[in-house]
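S.K.: The following block contains the structure, expressed as structure tokens.
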Amino acid sequence: MMAVRHYYLLVVILLLVLALGLASSAGATAPTAGLQADPVVTRSYVQEAVDSRLAPLQQEIEGAQQRLAALQQRVNTMVP
């Protein structure tokens, strides 16, 4: 009878150790949000990333539009 109690006690202790080990390792391996391992990100993160890449392109477009306007004025002065 005493051996059965020791067996159950041993099983309970092993299960607790296993559960604690799994719980601590789950927190340690949580990926950082937005990385390939965890692709879920917030809308604001995506908007900020897109805006930072689009800003130089928008400046380039504005510069091209200014050059186009200047060329159109030159053409208009050449054509009678």
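S.K.: At 0.36 nm per residue, and after removing the present C-alpha to C-alpha distance, how many nm does the segment from Ile61 to Leu18 gain when stretched out fully?
M.R.: Going from the current span to full extension adds 9.5 nm.
S.K.: What does the net charge come to around Arg67 if you take all other residues with beta carbon closer than 14 Å to its beta carbon, with K and R at +1 and D and E at -1?
M.R.: -1
Read-outs: derived from the displayed coordinates by stated rules, not from any lab. The structure displayed is predicted, hence computed values, not measured ones. Backbone-built Cβ (ideal geometry, glycine too); neighbour counts: all protein chains shown.
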